[in-house]
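The values are calculated or read from the model by the stated rules, or taken from the named source; none is laboratory data. Source: prediction; values computed, not measured. Reconstructed Cβ throughout: ideal geometry from the backbone, glycine too, with neighbour counts over all protein chains shown. Note: accessible area is taken over every heavy atom of the protein model, side chains too, but ligands, DNA and RNA are not part of it. Shrake-Rupley method; radii C 1.70, N 1.55, O 1.52, S 1.80 Å.
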Protein chains: 2
Amino acid sequence: MATLIAPSNHSPVEDAESLRKAVKGWGADGKAIIAILGHRNATQRTLIREAYQNLFQEDLIKRLESELSGDFERAMYRWILEPAEREALLANIAIKSADKNYQVIVEISCVLSPEELFAVRRAYHNKYKRCLEEDVAANTSGHLRQLLVGLVSSFRYGGSEINAKLAQSEADALHEAIKNKNKSNDEIIRILTTRSKTQLVATFNRYRDDHGIAITKKLSDEGSDEFHKAANLAISCINDHKKYYEKVLRNAMEHLGTAEDALTRVIVTRAEKDLKEIKEVYYKRNSVHLEHAVAKETSGDYKKFLLSLMGKEE
Amino acid sequence: MATLIAPSNHSPVEDAESLRKAVKGWGADGKAIIAILGHRNATQRTLIREAYQNLFQEDLIKRLESELSGDFERAMYRWILEPAEREALLANIAIKSADKNYQVIVEISCVLSPEELFAVRRAYHNKYKRCLEEDVAANTSGHLRQLLVGLVSSFRYGGSEINAKLAQSEADALHEAIKNKNKSNDEIIRILTTRSKTQLVATFNRYRDDHGIAITKKLSDEGSDEFHKAANLAISCINDHKKYYEKVLRNAMEHLGTAEDALTRVIVTRAEKDLKEIKEVYYKRNSVHLEHAVAKETSGDYKKFLLSLMGKEE
């Protein structure tokens, strides 16, 4: 369930006018902006963008970008976009990043539903005049490229059928492939990039039952190169993305200096989807409420904004 | 342009009733079936299928399958389906075929527009409860698998922008890769599976200008394994699919004993699209009208049906 609290009725025109007041003059009124945009769902935000453009002949996103700054600006910029457009942006930033962090690419490919992923690919065309897999392929090589391009290009079957025989044979195939190290990555790639999520979960369960160890654990025991890391991430995202996100949040706040990009990304992308369950998983694992942890690690408008997306009543 | 001649007005109910008459009793009335279905576009055929189902609680496709036979039956079965459903069927038949003929897979991936290809992938889900790339991957291996899975999973950018510098560097990269034989197929795969068609055509032109030989010619000089054949087919389909189809038709009729599957496939899939231009290319190349060649090589209702799809007036 979502954590976002949005009114069922709102006037896009009134919202646009209030936002105009909040961004005019010396220094933007962060609180007023959060009071509106921190409580509107994706459809409502799009209507507000349109109303703002019509009323003031100005792009609301550009205006907010120039008025706000730092983590608050980045979080607001990501939030205001439509989900597919936002994921396309996040993918593009990840591809261009100097540190070659492919976590976001794997996350988008493996957490989103097949139809959602396709919407991101379409949004990527519109925004960048190239295709997502083209940029991923041009910035990678070898088995890592094959895996990442396969994941972003996938359109997995979405049904709930499970083929138990296939789960057995592919759990065996994965076991062999992991044992052979880099000699049989082809099979790991084929299985992870083409099978349905339901089928893959059955295969991972079969693996654990047969070998007494989780496949992710085995994979990280056998290799820690980029390919193994990406394969591991893909499995975690497919297996239980809420647990995966809990870990991302925990890591983001455990390090000295919070990793704001990761924190923002998880809260912004999940607030309208299942952040409620992710909060529960977080509490179970850390015995601390996610809101408290976030409040401790952040400050100012950025903090207010994240908490409002997390369902804190004003 | 299409060759199909379809009325702008038709009554799905009347058509369904006439078809019912044509399939009832001893032996179906092929001529009557062709007079209707050989002159209806995809939307009209779908409406007829629905009307037939409602009126007679019977699936028109199944009825036709049981009443007709041979090449006529196979052609009619392919024709009556919606385009995406038909391409999904053709892909599935190709994957399951004992002779591992991947021509159809390459053709569908490289001739269709990115959005059309995606519609085929969606139709494949609905029809087979698996995804297209999953079946392609499970039946191939090595570089051929990478190429074919990459092609069927592609969602190329559809814009007309050309990056001349990129065309130059990738023409060079392709040249190097072809020279190195199987050592650098990765780059061939990356370029062919991710770049936009417009960009690729610019790259192929650059290649010919720089090396005085068409890239397809060079590729077949250097290797004749399945990977090289598939890469060559992909380039031909992307470069000029009308010329490609002319060759398919010519080969289908040149051999001793016509290759009916190929003949049917081209006529059925292009009759509503650009068979008129393909006919012109055929005439230019062979100094024989395609209709005459087809009429010479086929007979009976199958012949009548193909000619009617090719625009022959009754």
- Return the ratio Rg/(2.2 N^0.38 Å) for chain B, where Rg is computed over Cα atoms only. 1.07
- For A:Cys131, list long-range residues whose amide hydrogen, built 1.01 Å from N in the peptide plane, is under 5 Å from its own amide hydrogen. B:Tyr157
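Any idea what the relative contact order of region A:242-309 is, in percent, if you count C-alpha pairs under 8 Å spaced at least 6 apart?
Details: 49 pairs, mean separation 22.3, N = 68.
RCO, region A:242-309: 33 percent.
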- Query: Share of chain A's accessible area from carbon and sulfur, percent, 1.4 Å?
  - Reply: 49
- Message: I'd like the isolated cysteines in chain A, meaning no second cysteine's beta-carbon lies under 4.7 angstrom from theirs.
- Response: A:Cys131
- When chain B is modelled as a GNM with alpha-carbon springs shorter than 10 Å, which of B:Gly257, B:Gly223, B:Gly38 fluctuates the most? B:Gly257
- Per DSSP H run of at least 4 residues, take -39500 (n - 2.57); add these up for chain A, divide by its residues and hand me the 222 nm value, nearest 500 deg cm²/dmol. -22500 deg cm²/dmol
- What does the charge dipole of chain B about its Cα centre add up to, to the nearest 20 debye, if the Cβ of each Lys and Arg holds +1 and the Cβ of each Asp and Glu holds -1? 220
- Between B:Asp59 and B:Met1, what length comes free when the chain is fully extended (0.36 nm per residue of separation minus the Cα-Cα distance, one decimal in nm)? 17.8 nm
- Query: Once you average over the residues of B:189-195, how many Cβ atoms of partner chains fall within 10 Å of each Cβ?
  - Reply: 5
- Task: Evaluate the relative contact order of region B:6-70 (contact order divided by residue number), counting alpha-carbon pairs under 8 angstrom at least 6 apart; express in whole percent.
- Result: 39
- Item | Those lysines that a straight Cα-Cα span of less than 21 Å connects to B:Lys279, excepting residues fewer than 8 apart in one chain | B:Lys242, B:Lys243, B:Lys247, B:Lys296, B:Lys303, B:Lys304, B:Lys312
- Query: Within 10 Å of each Cβ of B:159-165, how many other protein chain Cβ atoms are there on average?
  - Reply: 1
- What average number of partner chain Cβ atoms lie no more than 10 Å from the Cβ of the residues making up A:146-158? 5
- Query: Cα-based count: Lys pairs in region A:57-190 below 22 Å, eight or more positions apart or different chains?
  - Reply: 8
- Relative contact order [Cα under 8 Å, 6+ residues apart], chain A, whole percent: 21
- With x for Gly and Pro, the residue-by-residue ³J(HN,Hα) of region A:133-139, computed from phi through the Karplus equation 6.51 cos²θ - 1.76 cosθ + 1.60 at θ = phi - 60° and given in whole Hz, is 5, 5, 6, 5, 5, 5, 10
- Anchor A:Lys24: aspartates and glutamates whose Cα lies under 20 Å away (excluding residues fewer than 8 positions away in-chain): A:Glu14, A:Asp15, A:Glu50, A:Glu58, A:Asp59, A:Glu65, A:Glu67, A:Glu73, A:Asp301
